[in-house]
Every structure is written in structure tokens, then in C-alpha cells.
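S.K.: Sharing a structure below in C-alpha cells format, with a few things to ask.
The values are calculated or read from the model by the stated rules, or taken from the named source; none is laboratory data. In this text the structure is predicted, and so the values were computed from the model without any measurement. Please note: Cβ atoms are built from the backbone with ideal geometry, for glycine as well, and neighbour counts cover all protein chains shown. Note: areas computed on protein heavy atoms with side chains; ligands, DNA, RNA excluded. Shrake-Rupley method; radii C 1.70, N 1.55, O 1.52, S 1.80 Å.
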Amino acid sequence: MSLHRAGSPINEKEITMRTEDNGNLKAIHRSSKPPGTIHLEEKEKKTIPLQTHLVEKIRKTCSCSPTEAKDALLSFLPVLQWLPKYKLKEYLLGDAMSGLIVGVLLVPQSIAYSLLASQEPIYGLYTSFFACIIYFLMGTSKHIHVGIFGVLCLMVGEIVDRELQAAGYDKLNDQGGQLSTVGLMTNETLDANQTSRLSCDRSCYAITVGATVTFMAGVYQVIMGVLQVGFVSVYLSDALLSGFATGASFTILTSQVKYLLGLSLPRANGIGSSIYTWIYIFQNIHNTNICDLVTSFVCLLVLVPAKELNECFKSKLKAPIPIELFVVVGATLASYFGHLKENYGSSIAGEIPTGFLMPKPPEWGLIPNIALGALSIAIIGFAITVSLSEMFAKKHGYEVKANQEMYAIGFCNIIPSFFHCFTTSAALAKTLVKESTGCRTQISGIMTSLVILLVLLVIAPLFYSLQKCVLGVITIVNLRGALRKFLDLPKMWKVNKVDTSIWMVTMFSSALISTELGLLIGIVFSMLCVVVRSQNPGVTLLGRVEASEVYESMTIYKDLNTTKGIKVFRFEASLYYVNKQCFKSALYKHVGVDPVSVASAEKKAAKKQEKLQKKEGITEIGLTQVETVQRLYQEQLSVHSIIIDCSTIQFIDTAGLNSLKEVLKDYDDIGIRVLLAQCNSSVRTSLRNGDYFKREEGTMVFHSIHQAVQFALYEQEQRDAFNNGSAV
């Protein structure tokens, strides 16, 4: 067994060696390199001049050989790597089946989520079509589905409605008292500075705003990929994302209630939009369209049980029942033959054109207005995509490149933004469907896009008579998973109270304030929780497990052995400026000896002694002040050594190092030795560079707690022997 003295910056020059026989000390040897000891010598670090390093980095980055160009192309378009190796007979059936099923399920949802993003139904189909193709070319995950995601649609819709209102597309009261949308504004009703923006109708301007938001979100995501800032997702914990999704789901539900009731209401924006929306609903509840209400109720009665059956028997069903498609077809036929719009004033989807529109660049003038909102959309989109791709890659035993995933989702937004699309990301529900129906590669996405292409070219006009309330019901039913998180709260609270608090704060902020502010509040609160936890970390005294060299927490385990006069203290956090005071106060409290109080007692003892000398005329002092204080504390508590377990301290900053020096000095002044054990290399480097070892000749660092305990016992034996010899 060896004890390493940390007095040299490079070599461990002096090593203390001890052997034991049945727990009794046999011998102590001090030498430069005794036999059987461990000698550690650090590697010399080569210092490269900054200019040389930068030149080499630039040369390596800018060099381009044919091999490097090929590797860059294959990395940017992973399809060129895996497609030539595609096993047609083995993979095609599963990919085709999963792609077709997802496509069938995706069509009604694409139409429904278009309303959520304040867009016409055709644009949702465009978005799903282009996203599948681009991810097929650039994605590295074999299973995730990239397409329309409800939370992002909501965030896009909020920005779109805000810009529509700012541009002059207001909601006006019609003759019947209900609120209706102005489809086309003329230059006569607008100020001169609004004329250029309103060169097209409301639908045209809405997709212009949505496409611009999508373009900027994609640019942000590509920039994050270039800068390799995937660490941003670290601040989006599972609890935060889950709470945000649940809060946003409540906002989505609120926004869809007006369709279920057949009300034409303005969309509330800004802080408290959900509350204002419910106020609008109750103010106009008397205008409910009975036809839409009955249709919504019937659709709920069909969709909810069918969805639950799909969930219960998903292991037995080869593919989920496409109940949404059946409901859409049935509702469209009922609306068409029943003339529900003409007879009952029911709101319908309207004309859905076939084919594609000409590409159009984003509206550059809108970028300053939507830049901040697009950033939050970009962060949420990339965090969900990367986390889902890594989760399914780990499950199926292959590797995804997180950086390439950021490029892929970025271009899934940039390129489609020129083709009248809005923001996309990975979608959990469709990804689970793909996986359960036999998806093997990204070919499944091509099959899905073919189904949507068929709808775009042929079938889309048939949905003309589809009631909007049916689309609202489809959207709400798909929120079941997120809203069920409320049932998991008791279990979450038992597992981790801090994560549950983060979930609740983020959820309520997203639902009651706004989605963007809710996300920001959740991130800030999550970071505050990290700071608070590091500011008040776990601290404990350690005891020795019988017949071993293992030391564990005395607050958790019982029947642990303690060594008289030695306190082993563990601080379960990094030591830095935030928690330096907590470290000192916790150490003093658990050890039971406060050196600050000792200093005060020393001054009082010195004053009393001085007064006594003056009173009795004594000129010589029998005991020094330090000896007096030592004797006082020996009577109170016999502690001669403190061992700080540094195994959980990841790093020490300047403030933490100064606190450690203060602790060392304060305890040394009262005759108590402070030893460090189990420091990692980073902590040892900080101690060495901060001159911690130069303060005292005997300062030592040990590889294990047991070594430190044995050394402390030996030193105390030597002290006792010296004191006894002096007394004799």
C-alpha cells in the first residue's frame, strides 16, 4: 500500500510506505523510491504556439483532396452510402408496408395540423411530402419519421396570426354577430405602408409568413450543425420537454375547441392567449353550430375507442387500424350528400387544389419580426429530432450522427420553405408506427411521400366538403399521449421532486402564459434548479464497512465503523464560487469543530491570560496561546485529522481553491490536520497550479480514503509518542 505525497508538480518525490499485520502497524519507511511503491510520472505536455496551431487548423480545414471531397459528399448525403448496400428482398416489403401505412395515417393529420399552423389544408400536404424526400437523402436514422409535429405547428401558427394582425388582416364582425375572417384586403382599407405586404389574400400572406419562419428555423439549425452546438440540447431535459409538450398540447386543445363548436373566433396571441381564448368561447357559446357539435361528438365516440384498441392490441395487430382515414372519408361523404354547409352553415375545408405551386423565396422583410420566434422553433425541432433518432438507433443497434441530423432537419426546413411549406421535425407517434410495421431503412419515407403525392395529384379535391370540426377532433384525439402525463405526476414526484417541479413549471407556463415564454421560463427554472442543487449539495460523514477498505455514508447505512479522532467528510458536488460557503459551513457542522469559533476562543483566552498576568505580576507564560486553544478543544472533542473525500468533486475554481486553503490554514492553526483523498487529475492539477501544496510542508493527497486514514493514525501515534517523551 502506498501513500503519495503531492509536493512536486511532475514527480511524486516522496512516498510514505506502510505495511500492516492484522491491523497493527509494523514499520514506517521514508525514502525517495522504496521497493514495492507506486511511482507515477506525468507525461510532458507539448506546448504548440497559438499561431502554429491556427495555421495547422486552417490548412487542415481548407485542404481538399479527391478522397476528402468524396468523404464530405458521402457524409452530407448519407443515402449514397447505404442505398447501394440496400437488401431488396430483405428490406423492401417492410419498408413499403410501413411507408404506405404512415402515408395513409398522415394524410388526414396533415390536413388537420394545417389549421393549427393557420394555413390552408394543401400546405400541410406539401410539407409532409417534401420533408419525407429530403430526410430520405440526408438523414442517418432508419426509423424516425420527419414531418408535421403539433407543437411546432402551434408555434408557427402563433407567429403567423401575430403577423397577419400586424399587417392588417383583422377579424371583423359580420352581420350575424359572429366573427368572420377577412379573406382579401384592398388597398383602400389599408395604410400606405401596408400595401406592399398585402399584395395577396390572407391565405397567401399566411403561408408567406409560415415559409419565412420555416426558412429561418432551418438556417438556425444548419448553423447549429456547423458550429456543433448540440450541447444546447443538454439544457432541454426530458422533464422540461415533456412539460413543454403537455402545456403546448393544452394550448392546442384550446385552439381547436372553436372548430368543434363551429364558432368563428379570432385567435388570441401573446401572454395569456389560452385564457383569452376560453373567454371568447364562453362569450360566444350561444352561437354554437349544432351540426358541427353533433359531428364532433360522433367523431369523438368513434376515434377515441378505436385509438385505445389500437394501443391495447398493437402487439397483435400487424398494422394499426387507419381509423382517422375512415372517419375523414365517412364525414366527407356525409357532409357532401347531406349538404351540411348549405343547410346548417357548417364550416368546411373548402377547395383543395391539385398539383404544386411555383417556388417562391421567403419574404426577407419579415425576418426581423420572426427571427426570435424562429429560434425557439429551431431549438425544439432539433432537440426532438436528435433525441428520437438517438433513442431508436440505440434500440436497434446502429449509429446516428447527431451533427448530420441537425443538417438534415435544417434542410428539411430550408428547401421546403421555397415550396410553400411550414416547419417540420421528427414526430414520435408516426415513428412508433413505422417501427411497429416493419420499417428497416429510410426507403419507408419515399413510400410515404408517394402516398401523399397521389393525394396531391388526384384525391385532394375530394375533401372539399370535409367539415373543419372533424379535423379539430383528429387533432385533439392525437393529444391523448401528452395529456396523460398528468396521471404520471404521483410517480414522477416519488422518483424525483426536482424534475417534477421543472415539469409543472414548464407545463403551466406554456399553457397559461405562452408557448415561447413557457419554454424560456422552463429553461431558466431548470438551470436555477441545477444551480440550487450545486449550491446545496449532499454532504455526509463516511464510515468504514467492517473488514474492508470501503467507506460509505453514515446517514444511509448503519453498522459502519468510525476511527476515533478522524472525520471523513464527503462533499457531493464540484467546489466553485456558488457553493464555497456551503462547503465550509457544512464541513464545520459535520466535523463538529468550527475553527472560527476557536479563533474567537483564542482571543478571549489570551485576554484573560494577559489580565491574570498583570494582576498577579507573572512575567512568564507556562503555555502558549496555541497550546491553550488545543487543550480547550481536546477537552471538547478529540479530533486530530479531517479527511475530505474528493471523489465527487469534478472541478475546483479559484474561489473554491481559496476556500480549501482557508480551511487548511484554519484547522492547522488549531492543530487539526486536513488530508485530501481520491482527487481526480483535474482537481490535482488545479491544486498544484493554485499553490495549494506549497502552503504547508505536510500537505498530502491520497489515492484512497483508507490510505489517508492509516496515515492520520500513524501521525497521531507519532505525536502521542513525542508528547509522552517530552512529558517524561
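S.K.: Using only the heavy atoms of the protein chains and a 1.4 Å probe, how would Trp503, Trp493, Trp278 rank by accessible area, largest first?
M.R.: Details: Trp503 0, Trp493 120, Trp278 75 Å².
Ranked list, largest accessible area first: Trp493, Trp278, Trp503.
S.K.: Hey, another quick one. Limiting things to C-alpha atoms, what are the Rg and the maximum Cα-Cα separation (Dmax) for region 413-534, in angstroms?
M.R.: Taking only Cα atoms of region 413-534, I get Rg and Dmax of 20.0, 60 Å.
S.K.: Report the accessible area of Leu432, computed with a 1.4 Å probe over the heavy atoms of all protein chains in place, in Å² rounded to the nearest 10.
M.R.: So the heavy atoms of Leu432 present about 80 Å² to solvent.
S.K.: Calculate, for Lys603 and Tyr398, the FRET efficiency according to 1/(1 + (r/R0)^6) with r their C-beta to C-beta distance and R0 51 Å; round to the nearest 0.05. Numbers along the way, then the final one.
M.R.: On the way: r = 70 Å, r/R0 = 1.37.
Efficiency for this residue pair is about 0.15.
S.K.: Could you tally the net charge around Asp292, taking each other residue with its Cβ under 11 Å from the Cβ of Asp292, Lys/Arg +1 and Asp/Glu -1?
M.R.: Charge balance in the 11 Å sphere: +3.
S.K.: Report the semi-axes of the equivalent ellipsoid for region 348-426 in whole Å, largest first, where each axis is √(5λ) for an eigenvalue λ of the Cα gyration tensor. Could you put the intermediate results ahead of the total?
M.R.: On the way: eigenvalues 165, 64, 29 Å².
So the three semi-axes of region 348-426 are 29, 18, 12 Å.
S.K.: Taking just the C-alpha trace of region 469-561, give me its Rg and Dmax in Å.
M.R.: Looking at region 469-561, its Cα Rg and Dmax stand at 21.3, 73 Å.
S.K.: While we're looking at this one, here's another question. Based on the Cβ-Cβ distance of Ser682 and Gln165, what FRET efficiency does E = 1/(1 + (r/R0)^6) give at R0 = 60 Å, to the nearest 0.05?
M.R.: Details: r = 54 Å, r/R0 = 0.90.
Approximately 0.65, to the nearest 0.05.
S.K.: Averaged per residue, what accessible surface does region 440-549 expose to a 1.4 Å probe, in Å²?
M.R.: Dividing the accessible area of region 440-549 by its residue count gives 47 Å².
S.K.: Calculate the length of the line joining the C-alpha centroid of region 326-385 to that of region 214-291, in whole Å.
M.R.: Spelled out, the Cα-based centre of one part sits 15 Å from the other.
S.K.: With respect to the cross-link table entries Lys430/Lys494; Lys258/Lys316; Lys87/Lys360; Lys85/Lys395; Lys497/Lys661, which display a Cα-Cα separation exceeding 27 Å? Mind showing how you got there, number by number?
M.R.: Details: Lys430/Lys494 31 Å; Lys258/Lys316 37 Å; Lys87/Lys360 39 Å; Lys85/Lys395 22 Å; Lys497/Lys661 35 Å.
With Cα atoms farther than 27 Å apart: Lys430/Lys494; Lys258/Lys316; Lys87/Lys360; Lys497/Lys661.
S.K.: Report the rotationally averaged projected area of region 258-417 based on its alpha-carbon convex hull, in square nanometres. The partial results should precede the final answer.
M.R.: Working: hull surface 59.6 nm².
Its Cα hull, projected and averaged over all orientations, spans 14.9 nm².
S.K.: Let me ask you something else. Ignoring everything but the protein chains, give the 1.4 Å probe accessible area of Val55 in square angstrom, nearest 10.
M.R.: We get 90 Å² for Val55.
S.K.: Right, next: Could you sort Arg162, Arg688 by their accessible area in this structure, using a 1.4 Å probe and putting the largest first? The partial results should precede the final answer.
M.R.: Details: Arg162 90, Arg688 40 Å².
Result of the area sort, largest leading: Arg162, Arg688.
S.K.: Bin by bin, in steps of 10 Å, what percent of the Cα pairs in region 338-377 do you find, going until the bin that has the longest distance?
M.R.: The calculated distribution, bin by bin, is 19, 22, 23, 25, 11.
S.K.: In nm, give the distance between the simple-model label positions of Leu372 and Ile459, each being 7 Å from the Cα along the Cα-to-Cβ direction.
M.R.: 4.3
S.K.: Taking region 320-394 as the region of interest, what is the percent of Cα-Cα pairs per 5 angstrom bin, listed from the shortest bin to the one with the maximum distance?
M.R.: Cα pair-distance distribution for region 320-394, in percent: 3, 10, 9, 10, 9, 13, 16, 15, 11, 3, 1, 0.
S.K.: Considering only protein heavy atoms and a 1.4 Å probe, what is the carbon-and-sulfur percentage of the accessible area of region 76-155?
M.R.: Working: 1770 of 2470 Å².
Within region 76-155, the accessible surface is 72 percent carbon and sulfur.
S.K.: Any chance you could run the full-extension gain for Leu333 through Leu489? It's 0.36 nm times the residue separation minus the Cα-Cα distance, nm to one decimal.
M.R.: Working: separation 156, 0.36 × 156 = 56.16 nm, distance 4.23 nm.
Using 0.36 nm per residue and subtracting the Cα-Cα distance, I get 51.9 nm.
S.K.: So, one more: Quick one: order Lys258, Lys85 from most to least accessible surface, probe 1.4 Å.
M.R.: Numbers: Lys258 35, Lys85 155 Å².
Correct descending sequence by accessible area is Lys85, Lys258.
S.K.: Please give the contour-minus-distance gain from Ser647 to Leu450: 0.36 nm per residue of separation, less the Cα-Cα distance, rounded to one decimal in nm.
M.R.: That works out to 65.2 nm of additional length.
S.K.: Accessible area of Ser203, 1.4 Å probe, to the nearest 10 Å²?
M.R.: 30
S.K.: Among residues other than Lys87 whose Cβ falls under 12 Å from its Cβ, what is the net charge (Lys/Arg +1, Asp/Glu -1)?
M.R.: Details: positive: Lys85, Lys89, Arg440; negative: Glu90, Asp95.
Here the count lands on +1.
S.K.: Separate question: How large are Rg and Dmax for region 514-574 when only the alpha carbon atoms are used, in Å?
M.R.: 18.9, 59
S.K.: Also: Between region 129-160 and region 433-495, how far is it from one alpha carbon centroid to the other, in angstrom?
M.R.: Rounded to whole Å, the Cα centres lie 12 Å apart.
S.K.: Which one of Leu357, Asn310, Ile367 is farthest out on the positive end of the charge dipole of region 275-405, using unit charges on Cβ (Lys, Arg +1; Asp, Glu -1) and the Cα centre as origin?
M.R.: Highest projection toward the positive end goes to Asn310.
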